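Before any comments, here is the structure.
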Amino acid sequence: MRRECTDHLIVLGENHLRRLMKQYVSYYNGYRPHSSLDGNSPLPRNIEPPERGIVVSEPLLGGLHHRYRRA
């Protein structure tokens, strides 16, 4: 968490740090690819076929990370 999140952000206080931690844990478990899980996340993601539209980027953690999904 430190290397991927807090080393790149300025933490403005305890409440801000708690909010960042909550958002990062959600990102880590729901969207971040894990090589030990063959590129999936601990909470498995559904495959989105090309018919669902173009790929759009959704910024997470103030733009530090992104989630990609089909529109």
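In a solvent-free Debye calculation with one equal scatterer on each Cα, what is log10 I(q)/I(0) for the chain at q = 0.17, 0.19 Å⁻¹, listed in the order of the q values? So the normalised log intensities are -0.71, -0.84. Projecting the Cα atoms of His66, Gly13, Pro33 onto the dipole axis of the chain, where Lys and Arg carry +1 and Asp and Glu carry -1 at the beta carbon, places Gly13 farthest toward the positive end. Near the amide H of His66, within less than 5 Å, lie the amide hydrogens of Leu60, all on another chain or at least 5 residues away, with H placed in the peptide plane. When +1 charges are put on Lys and Arg Cβ atoms and -1 charges on Asp and Glu Cβ atoms, the dipole computed for the chain relative to its Cα centre reaches about 140 debye.
Model label points for Asn46 and Arg67, set 7 angstrom from Cα along the Cα-to-Cβ axis, are 1.4 nm apart. For the chain, the mean residue ellipticity at 222 nm estimated from helices alone is -8000 deg cm²/dmol, where every DSSP H run of n ≥ 4 contributes -39500 (n - 2.57) and the total is divided by all residues, rounded to the nearest 500.
Values quoted throughout were computed directly from the atomic coordinates according to the rules given, and no laboratory measurement underlies them. All figures in this text were calculated on a predicted structure; none of them were measured in a lab. We place every Cβ from the backbone using ideal geometry, glycine too, and count neighbours over all the protein chains shown.
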